[in-house]
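Encoded as C-alpha cells, here's the structure I'll be asking about.
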Amino acid sequence: MNNDDIRIGVLIPIGRAQWGGTDPRDLIGFAARAERLGFDSLWVNDGITESRIEALTMLAAAASVTERVTLGTAALMPVLRRPLQAAQTLASIDLLSQGRLTVTVGAGFPGRFGKPMYAASEVPWEKRFARLDETVALWRQLWHEPENKAFHGELLHFDDLPTMTAPFRKDGPPIWLAGVTPTALSRTGRMYDGWLPYPPDPADYKAALADVQRAAEAHGRAPDAVTPALFASVLIEDDPAARRRTLERFALSNYGLPLDEVRKIQAVAAGSADEVVAQLAEYTAGGARHLVLRLGTTGLGEIDEQLDRVAELLPRLR
C-alpha cells in the first residue's frame, strides 16, 4: 500500500449480541453492501466464549459475495485452532478470494477476555507470545517452503509436515499483529507485515508507530515494510444524550464494561460527522494508513444505518 493512501474498512458484527435477533444470514448482505458503498475492507473479530458466527466461516461467506474488498481478521486468536488446520483454512480463504485475505493475530488479554480461550483450547496461558510467533512462523513455512517437512521451535515441533494447500499469493496472506506493549511493538517491527492497535490517544499511536518503524530498521527491514493500521469504534450521532446511551449499550454488549472503561483502552470516535472525521484525522496525521472501523451500536438495523452514514464520510476520511 502506498504510504499516501488511506484505506477504510468496517467490522462485520458477527457476535449475536451485536447483530441482535435478526437472521444471521443478513450479515452476508451486510458484507456485500459495504463493498458497494465503497469500503476498502471487511473484518471479523474472533472468540469462543460467546455466541457468534465463527470468524473464518464468515470471511469465506463474504468472499463469495464480494470481488474487491480485503477480507481481514481483527484479530484472529490462533490458540483456538490447531496450527496446521488453521494454515489450511487461511490458505483456502486466500485462494477462494483470489488473494484478498489479511490475517491480524493476537495472543489475548489477561483475565476474562483471554484466559478462558486458552482453557477451552487446553493450551497453557504461559509463553503465549512465543506460541503465537511460532505459529505464524510455521504458517509461513508451510506456505513458502512446502519442501521443508520439519519445524522445531520452543513449543511447536513437527518432523513430517504435510503438503499444505497453497494460498493464492506466492508469499501467502500478509500477517499483522495487534498490540501496543513494548514487546509487541518490537515483534511487529521484526516479523509482521502490519500493525493493528487501538490506543485511545492519537499521540500514543504516533509514538508507538515510530517504535515499530525503528524496530523494523533494526532488523534490516524498510520502515514502511509494516502497514500502520488502526482499530476504532465509531458512532455518528449529533445528540449527546442519545450518543451516550447508544455507546453505553454498545460497550456493555461487546465487552461487558461501562463506556468509560472501554474508552480507557480503545479508540472511540463519536459525535457529529465533522467531529468523527476530525477525531480519526488525528490518527491518520500520526501515520495510520488503514482504518478498521467498528460501528458503535447494536442491532443490525441500527448498524446498517451507521454503515450508510460512515460511507458518506469515506471521501473525507481518505
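Based on the Cβ-Cβ distance of residue 222 and residue 155, what FRET efficiency does E = 1/(1 + (r/R0)^6) give at R0 = 22 Å, to the nearest 0.05?
Given R0 = 22 Å and the Cβ-Cβ separation, E is 0.15.
Which values, in whole Å and largest first, are the semi-axes of the equivalent ellipsoid of region 112-218 obtained as the square root of 5 times each eigenvalue of the Cα gyration tensor?
That gives 27, 19, 12 Å for the three semi-axes.
Work out the FRET efficiency for residue 120 and residue 242 from their Cβ-Cβ distance, taking R0 = 30 Å, and round it to the nearest 0.05.
Efficiency, from the Cβ-Cβ distance: 0.20.
Over all pairs of distinct alpha carbons, what does the Kirkwood formula give as the hydrodynamic radius of region 253-318, in Å?
Computed over region 253-318, the radius equals 13.1 Å.
Further question on the same structure: If all Cα-Cα distances of region 180-256 are sorted into 5 Å bins from 0 onward, what percent lands in each bin, rounded to whole numbers?
3, 15, 21, 16, 12, 10, 10, 8, 4, 1, 0
As a test, work out the antiparallel percent of DSSP beta bridges whose residues both lie in the chain, rounded to the nearest 5.
Roughly 10 percent of the beta bridges in the chain run antiparallel, per DSSP.
What does the extension gain come out to for residue 37 and residue 61, with contour length at 0.36 nm per residue minus their alpha carbon separation?
Using 0.36 nm per residue and subtracting the Cα-Cα distance, I get 6.8 nm.
Over all directions, the average projected area of the alpha-carbon convex hull for region 60-165 comes to how many nm²?
Over all viewing directions, region 60-165 projects a mean Cα-hull area of 7.1 nm².
Within region 118-142, list the residues whose amide N lies under 15 Å from a label point set 7 Å along Cα→Cβ of residue 82.
Under cut-off, by backbone N: 121-123.
In whole Å, what three semi-axes, largest first, describe the equivalent ellipsoid of the chain built from its Cα gyration tensor (square root of 5 times each eigenvalue)?
Gyration-tensor ellipsoid for the chain: 30, 22, 20 Å.
DSSP loop GluC sites (Glu not before Pro) in region 234-318 with at most 13 other Cβ atoms within 10 Å of their Cβ, which ones?
Loop-located and lightly packed - 312.
Mind checking Rg over Rh on region 115-165, alpha carbons, Kirkwood formula for Rh?
Result: Rg/Rh = 1.04.
Tell me, what % of the accessible area of region 6-102 is carbon and sulfur with a 1.4 angstrom probe?
Of the solvent-accessible surface of region 6-102, carbon and sulfur hold 51 percent.
Still on this structure, please answer the following. Work out from phi, with θ = phi - 60° and the Karplus expression 6.51 cos²θ - 1.76 cosθ + 1.60, the ³J(HN,Hα) of each residue of region 254-265, listed in order in whole Hz, and give x for Gly and Pro.
Coupling constants for region 254-265: 7, 10, x, 10, x, 4, 4, 6, 5, 4, 6, 10 Hz.
Tell me the per residue accessible area of the chain using a 1.4 Å probe; a whole number in Å² is fine.
Heavy-atom accessible area per residue stands at 43 Å².
Along Cα→Cβ, 7 Å out, is where each label goes; now give me the distance between the ones at residue 51 and residue 89 in nm to one decimal.
Result: 2.1 nm between the two label points.
The values are calculated or read from the model by the stated rules, or taken from the named source; none is laboratory data. Predicted, not measured: the structure shown is a model, and the values here were computed from it. Positions of Cβ are generated from backbone atoms using ideal geometry, with glycine treated the same way; all protein chains shown enter the neighbour counts. Keep in mind that these areas ignore ligands, DNA and RNA; they rest on the heavy atoms of the full protein, side chains included. Shrake-Rupley method; radii C 1.70, N 1.55, O 1.52, S 1.80 Å.
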